[in-house]
Amino acid sequence: MRVLTVIGNRPQFIKASAVSSRLRARAEEITVHTGQHYDRELSQVFFDELKLPPPEHLLGIGGGTNTAQTARMLAALEPLLSDLRPDAVLVYGDTNSTLAGALAAVQAGIPVAHVEAGMRSFDRAMPEEVNRVVCDHLSSLLLVPSKTAVDNLARESVPGRVEEVGDVMVDVALLLQPACRARTEALEPYGVEPGGYLLATAHRAGNVDDPARLAQLVDLLLSLPDPVVLPLHPRTRARLEAADLLRAVEAAPDLHLAPPLGYLDFTALLCNARAVVTDSGGVQKEAYLAGVPCVTMRPSTEWVETVETGWNALVDLDGERARAALARPLPRERPQLYGDGQAGQRVADAVATLAG
Ligand code: UDP
């Protein structure tokens, strides 16, 4: 039994690390790295730190528009699928690599398993939302992290089999957050103390590609009440430079820029932050798991439960709303959402039945 896993960006390496070794105990897994993220800081460091087996195939397809990138991935995957003839293709999340992997597989008559199926922000302006919807409708096996996702898929009447397995990113967070919390040396380069700073991340196309939105984002970050540590995504760095905003950000005394960090240092900064300010999907969830409040610089989220429980606030790019959210008292309850940390095993078991 052979499973071809298609991954290509940072969160996918993290998610695959919860599944890969378990899947390899049950099936032959061959990994294709599309090259969507190729810098060492966004790719190799996660293979090393999270002990993800190195990919058997590297497509080297990064850059370009979403459409052009997806098209190049499809063209590269087609001959690979016809050579390798896997019994199933496994994809994660909502990126171009997810969509290309799923579509190429279905065109070749190979069943698709989608991890993190059923997530919806209901915002079709986000390229990720379009990728999710299409991929879910192409998949034979939809592995979902939450009850909300089950309900979303029921409403859309997807043809595939839906299984609620929990969230594979939660597996990694629950395993590594306790040790990372103690890794306070990760804070030293920024001169901040546990509980005395905010951790920020920003890279969504909707926030950084439009110079006017980007300027609003910078204003928001510069108006926050505590020191801010900002590991800068390469896309955001490039957009700041192009908009002539990078120097202002570098010069701000309470904004400490960092390169994109490995999982362990990033998680150390997350667990010790007073709060997180982000437009990331995964980081909203990781903040919840760490008991760190989150302010999300987006108008919508797929991780609605984090908002409903009071741990996350959607502020878009409104600085006043962000500051108000940061002043709120912490909620008392933090129920277990998104599973028990065993999702990776359930994914491996379910995929093995599909491929068998
Ligand atoms: N992350 C990391 N280093 C960083 C920023 C993020 O290791 O400098 C991790 C973070 O812990 C989370 C994942 O990358 O697990 C989130 O990735 P990203 O925000 O790029 O993607 P999204 O979840 O928004 O698709």
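The values are calculated or read from the model by the stated rules, or taken from the named source; none is laboratory data. What you see is a predicted model; the values in this text were computed from it and never measured. Backbone-built Cβ (ideal geometry, glycine too); neighbour counts: all protein chains shown.
Return yes or no: is PRO79 farther than 28 Å from LEU58 by Cα and at pLDDT 95 or above? Before you say what the answer is, go through the steps one by one.
Values: farther than 28 Å from LEU58 by Cα: no; at pLDDT 95 or above: yes.
Here the answer is no, as PRO79 does not meet what is asked.
Residues of the range 275-314 being without any contact (Cβ under 8 Å) to a residue 40 or more places away in the chain and closer than 22 Å to LEU214 by Cβ, which ones?
Hits for the range 275-314 are GLN284, CYS294, VAL295, THR296, ALA313, LEU314.
Show the residue pairs meeting these rules: Cβ distance below 6 Å; 6+ apart or different chains; first residue within the range 1-26 and over 19 Å from HIS37 (Cα atoms); second residue more than 16 Å from the ligand (Cβ to nearest atom) and at pLDDT below 95.
Matching pairs, first to second residue: MET1/ALA355; MET1/GLY356; VAL3/ALA355; ARG26/ALA352.
Look at VAL89 and say whether it is surrounded by 24 or more Cβ atoms within 10 Å (Cβ to Cβ), over 23 Å from GLY206 (Cβ atoms) and within 16 Å of the ligand (Cβ to nearest atom). Please lay out each step first, then the result.
Details: surrounded by 24 or more Cβ atoms within 10 Å (Cβ to Cβ): yes; over 23 Å from GLY206 (Cβ atoms): yes; within 16 Å of the ligand (Cβ to nearest atom): no.
So VAL89 fails the test.
What is the residue count in the range 16-65 for residues that are among the polar types (S, T, N, Q), assigned to a loop (DSSP other than H, G, I, E, B) and touching a strand residue (DSSP E or B) at 6+ places or on another chain (Cβ under 8 Å)? Show your work before the answer.
To start, the set of residues in the range 16-65 that are among the polar types (S, T, N, Q) comprises 17, 20-21, 31, 34, 36, 43-44, 65.
From the residues that got through so far, the ones that are assigned to a loop (DSSP other than H, G, I, E, B) too are 34, 36, 43, 65.
If we keep only those that are touching a strand residue (DSSP E or B) at 6+ places or on another chain (Cβ under 8 Å) too, we end up with 34, 43.
Summing the residues that are among the polar types (S, T, N, Q), assigned to a loop (DSSP other than H, G, I, E, B) and touching a strand residue (DSSP E or B) at 6+ places or on another chain (Cβ under 8 Å) in the range 16-65 gives 2.
If you check GLY339 against the conditions, is it assigned to a helix (DSSP H, G or I), in contact with a helix residue (DSSP H, G or I) (Cβ under 9 Å, 6 or more places away or on another chain) and buried (at least 18 other Cβ atoms within 10 Å of the Cβ)? Give the derivation first.
Working: assigned to a helix (DSSP H, G or I): no; in contact with a helix residue (DSSP H, G or I) (Cβ under 9 Å, 6 or more places away or on another chain): yes; buried (at least 18 other Cβ atoms within 10 Å of the Cβ): yes.
No; evaluated as a whole, the condition is false for this residue.
Regarding the range 258-272, can at least one residue be identified that is more than 10 Å from the ligand (Cβ to nearest atom), surrounded by 21 or more Cβ atoms within 10 Å (Cβ to Cβ) and under 15 Å from the mean Cα position of the chain (by Cα)? Spell out the reasoning first.
Within the range 258-272, the subset more than 10 Å from the ligand (Cβ to nearest atom) is 268, 271-272.
Checking the rest, the ones that are also surrounded by 21 or more Cβ atoms within 10 Å (Cβ to Cβ) come to 268, 271-272.
From what is left, the residues that are under 15 Å from the mean Cα position of the chain (by Cα) are none.
Within the range 258-272, not a single residue is more than 10 Å from the ligand (Cβ to nearest atom), surrounded by 21 or more Cβ atoms within 10 Å (Cβ to Cβ) and under 15 Å from the mean Cα position of the chain (by Cα).
Which residue pairs have Cβ atoms under 7 Å apart, sit 6 or more places apart or on different chains, and have a first residue in the range 200-227 that is more than 21 Å from ALA287 (Cα to Cα) and at pLDDT 95 or above and a second that is buried (at least 20 other Cβ atoms within 10 Å of the Cβ) and among the basic types (Lys, Arg)?
VAL208/ARG239; ASP209/ARG239; LEU214/ARG239
What about GLU78, is it more than 20 Å from GLU116 (Cβ to Cβ), touching a Pro at 6+ places or on another chain (Cβ under 7 Å) and not assigned by TED's automatic domain parsing to the domain that holds LEU264?
On the way: more than 20 Å from GLU116 (Cβ to Cβ): yes; touching a Pro at 6+ places or on another chain (Cβ under 7 Å): no; not assigned by TED's automatic domain parsing to the domain that holds LEU264: yes.
Criteria not met by GLU78.
Every residue, every condition in (1) more than 21 Å from the chain's Cα centre (by Cα); (2) assigned to a loop (DSSP other than H, G, I, E, B); (3) among the basic types (Lys, Arg), yes or no:
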| residue | (1), (2), (3) |
| --- | --- |
| GLY166 | no, yes, no |
| ASP171 | no, no, no |
| LEU176 | no, no, no |
| GLU185 | yes, no, no |
| ASP219 | yes, no, no |
| VAL229 | no, no, no |
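Within the range 238-290, which residues are outside any helix (DSSP H, G or I) and of a type in the set (Asp, Glu)? So that I can check it myself, show each step before the final result.
To start, the set of residues in the range 238-290 that are outside any helix (DSSP H, G or I) comprises 243-245, 252-262, 272-281.
Hits for the range 238-290 are ASP244, ASP254, ASP279.
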